[in-house]
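Engineer: Following this message is one structure expressed as structure tokens.
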Amino acid sequence: MTNNEINNAREKFGLLLEKQLERIEMMKKQQEWIDFSKLKPIIIGVCFGDGIGEQISKHAEHILKEMLKDEVANGCVTFRDIAGLTIENRVKHNKAIPADVLQELKSCHVILKGPTTTPQAGDSWPNIESANVAMRRELDLFANVRPVKMPEKGIDWCFFRENTEDIYVLGSKGIDVTQDLSVDFKVITEQGSERIIRMAFEYAKKNNYKRVTVVTKANVVKTTDGRFSRVAKRIAEEYKGISCDEWYIDIMTAKLIDPARAKEFQVMVMPNLYGDILTDEAAQIQGGVGTAGSANIGKRWAMFEAIHGSAPRMVKEGRAKYADPCSMIKASAMLLRHIGYPERGEKVEMALDMCGQFEKKLIITGREKGATGEAYTEYLLKWIHDPKLKQKWGSEIKHLQKKAK
Ligand code: IPM
Ligand code: MG
């Protein structure tokens, strides 16, 4: 009996390995980066997702359309609504992303995506694979970039989370070997590590950061994290002006809340799961997961989203309209930068700071006493259209930085 079970597991494992080796061959094919300056129109897909997704995506889309009004009018940018990424439709097709929805997603160049419900065993939904994980894999969105800034604390972080490997890539393909034994798989490849680590170093170089911190648990998880760590050391050699240090994930979560250490970190790069956990922590330090945006970047496609989930509890309690749209709006700013409008992305980010950190005329609490997402969006737009935005933001920042020193 046990021999049979082991043979079964061995066979399944063999198939998984074959697929991973195929994926490596794809990565080796070194596709070129998409050039947005050559696209007309740039197609932006918008999918609302589940739960509070509908509300917050609507507000983010509104701001994005406002920022790209002229480009839409002159045919340089087109918006495309993509329905069907709801949990109901995914369950109906028993697919993380139904085939027709995936095709539509692939027909766009970039995607603004609301949070989608990710079931787990025992939920009211069947235990289908996460739409996020599937989208990242299917569109090969290997870099999950999550900036977190708190000028008053001297914090300016950018996380580069590997997005297509680690414990995630076979997260729905684990094996129940016997009645008592379950095994999941952690996958780290040379190519997958290299591309994310290189991206982190390139970002540091371009933006004049002097330090890249690699986060692993290579002292315990010796083979996979060991590889990630080794690749990082190899790549660091190529970037002479940038120092590279390695921290283990446990102490890293502690040091992010140590004021003395926290401001020393700049660019951080890590495998998928550590990045998932660390970026929620970082976002909370910044003021809550509702305040952080997330860019999922691949060579061909890119997807921009909130870093948090669909908050079904808020919907159930009738609080969806009080949900904070800032994470999705920050994601929209990242989208603007990515497709070649960095000044407009910056403008949206400045307005987010003016409203959320400096002026604070409206406050979002997620509850009735706070502002609605709609009112807050109008507040942001007021600042976005204010010709004094840059000047006022600049003086506020200077003031904060002085205080932080
Ligand atoms: C995130 C989310 C996702 C993840 C979930 C929804 C699958 O937590 O984007 O960080 O774990 O990556
Ligand atoms: Mg997460």
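Engineer: Could you give the length gained on full extension between Ala73 and Arg367, defined as 0.36 nm per residue of separation minus the Cα-Cα distance, in nm?
Structural biologist: Residue separation times 0.36 nm, minus the Cα-Cα distance, leaves 102.1 nm.
Engineer: Right, another one. If amide hydrogens are placed 1.01 Å from N in the peptide plane, which non-local residues have theirs closer than 5 Å to the one on Val267?
Structural biologist: Result for Val267 returns Cys158, Arg211, Thr213.
Engineer: On to the next question. Picking from Lys369, Lys186, Lys173, which is most flexible by a Gaussian network model of the chain using Cα springs under 10 Å?
Structural biologist: Lys369
Engineer: Rounded if a/c is under 1.5, else prolate if a/b beats b/c, else oblate: with a ≥ b ≥ c from the C-alpha gyration tensor eigenvalues square-rooted, which is segment 1-93? Each step should come with its number before you reach the end.
Structural biologist: Numbers: a/c = 4.79, a/b = 1.82, b/c = 2.64.
Oblate, since a/c reaches 1.5 and b/c is not below a/b.
Engineer: Follow-up question, since we're still on this one. Quick check: net charge around Gly356, other residues with Cβ under 13 Å of its Cβ, Lys/Arg +1 and Asp/Glu -1? Working shown, then result.
Structural biologist: Numbers: positive: Lys149, Lys330, Lys360, Lys361; negative: Glu152, Asp324, Glu349, Asp353, Glu359, Glu396.
After counting each charged neighbour, the total is -2.
Engineer: Solvent-accessible area per residue for the chain at a 1.4 Å probe radius, Å²?
Structural biologist: Per residue, the chain has 49 Å² of solvent-accessible surface.
Engineer: Rounded to the nearest 0.05, what FRET efficiency is calculated for Lys388 and Ala254 with R0 set to 41 Å and r the Cβ-Cβ distance? Walk me through the intermediate numbers first.
Structural biologist: Working: r = 41 Å, r/R0 = 1.01.
After rounding to 0.05, the efficiency reads 0.50.
Engineer: May I ask you to derive the FRET efficiency for Ile397 and Leu181 from their Cβ-Cβ distance with R0 = 45 Å, giving the value to the nearest 0.05?
Structural biologist: Between Ile397 and Leu181 the formula returns 0.25.
Engineer: Whenever you get a sec, line up Lys206, Lys65, Lys29, Lys255 from highest to lowest accessible area (probe 1.4 Å, protein heavy atoms). Present the calculation step by step, with values, prior to reporting the outcome.
Structural biologist: On the way: Lys206 165, Lys65 85, Lys29 145, Lys255 50 Å².
Most to least solvent-accessible, the answer reads Lys206, Lys29, Lys65, Lys255.
Engineer: Taking the full set of protein chains and a 1.4 angstrom probe, give the accessible area of His109 in square angstrom, rounded to the nearest 10.
Structural biologist: His109 exposes around 30 Å² with every protein chain in place.
Engineer: Under 5 Å between amide hydrogens, which residues at least 5 positions from Ile42 or on another chain qualify, with H placed 1.01 Å from N in the peptide plane?
Structural biologist: Amide H neighbours of Ile42: Val77, Thr78.
Engineer: Which of the aspartates and glutamates could a cross-linker span from Lys321 if the Cα-Cα distance has to be under 19 Å and same-chain partners fewer than 8 positions apart are dropped?
Structural biologist: Hits, sequence-local ones excluded: Asp50, Glu54, Glu61, Glu305, Glu368, Glu374, Glu378.
Engineer: How about segment 212-303: which chymotrypsin sites (Phe, Trp or Tyr not before Pro) there lie in a loop by DSSP and see at most 11 other Cβ atoms within 10 Å?
Structural biologist: Of the chymotrypsin sites (Phe, Trp or Tyr not before Pro), not one in the loops of segment 212-303 has a Cβ with at most 11 other Cβ atoms within 10 Å.
Engineer: Quickly work out the Asn127-to-Lys222 label distance, labels modelled 7 Å from Cα along the C-beta direction, and quote it in nm with one decimal.
Structural biologist: 3.2 nm
Engineer: Taking all protein chains in place and a 1.4 Å probe, what share, in percent, of the accessible surface of segment 221-289 do carbon and sulfur account for?
Structural biologist: Summing carbon and sulfur atoms, their accessible area is 56 percent of the total for segment 221-289.
Engineer: Helix 373-384 versus the longest principal axis of the chain: what angle, 0 to 90°, nearest 10, using Cα atoms?
Structural biologist: Relative to the chain, helix 373-384 is tipped by roughly 60 degrees.
Engineer: Here's another thing I want to ask about it. For an R0 of 22 angstrom, estimate the FRET efficiency from the Cβ-Cβ distance between Gln103 and Phe36 and round to the nearest 0.05. Write out the running numbers ahead of the final one.
Structural biologist: On the way: r = 22 Å, r/R0 = 0.98.
It comes out at approximately 0.55.
Engineer: Keeping all protein chains in the complex and leaving out DNA, RNA and ligands, what accessible area do you get for Trp383 with a 1.4 Å probe, in Å² to the nearest 10?
Structural biologist: 10 Å²
Engineer: Could you give the size of the charge dipole of segment 62-169 about its Cα centre, using +1 on the Cβ of each K and R and -1 on the Cβ of each D and E, expressed in debye and rounded to the nearest 20?
Structural biologist: I would put it at about 100 debye.
Engineer: Next up: Taking the chain as the reference, fit the longest principal axis to its C-alpha atoms, fit the long axis of helix 342-353 to the helix C-alpha atoms, and give the angle between the two in degrees, 0 to 90, nearest 10.
Structural biologist: 80 degrees
Engineer: For Lys233 and Glu18 in one chain, what is 0.36 nm times their gap in residues minus the Cα-Cα distance, to one decimal in nm?
Structural biologist: Residue separation times 0.36 nm, minus the Cα-Cα distance, leaves 74.6 nm.
Engineer: Okay, next question. How many percent of the accessible area of segment 14-77 is carbon or sulfur, using a 1.4 Å probe?
Structural biologist: Ligands and nucleic acids excluded, carbon and sulfur give 56 percent.
Engineer: Name the shape class, rounded, prolate or oblate, that the alpha-carbon gyration tensor gives for segment 281-405, where a ≥ b ≥ c are the square roots of its eigenvalues, rounded holds for a/c under 1.5, and otherwise prolate holds if a/b is larger than b/c and oblate otherwise.
Structural biologist: oblate
Engineer: While we're looking at this one, here's another question. Considering only protein heavy atoms and a 1.4 Å probe, what is the carbon-and-sulfur percentage of the accessible area of segment 296-405?
Structural biologist: 51 percent
Engineer: Before rounding to the nearest 500, sum -39500 (n - 2.57) across all DSSP H runs of length at least 4 in the chain and divide by the residue total; then give [θ] at 222 nm in deg cm²/dmol.
Structural biologist: Estimated from H runs of four or more residues: -14000 deg cm²/dmol.
The values are calculated or read from the model by the stated rules, or taken from the named source; none is laboratory data. Bear in mind the structure is a predicted one, so any value in this text is a computation, not a measurement. Cβ sites come from the backbone with ideal geometry, for glycine too, and all protein chains shown count toward neighbours. Remember, those area values only see protein heavy atoms, side chains included, never the ligands or the DNA or RNA. Shrake-Rupley method; radii C 1.70, N 1.55, O 1.52, S 1.80 Å.
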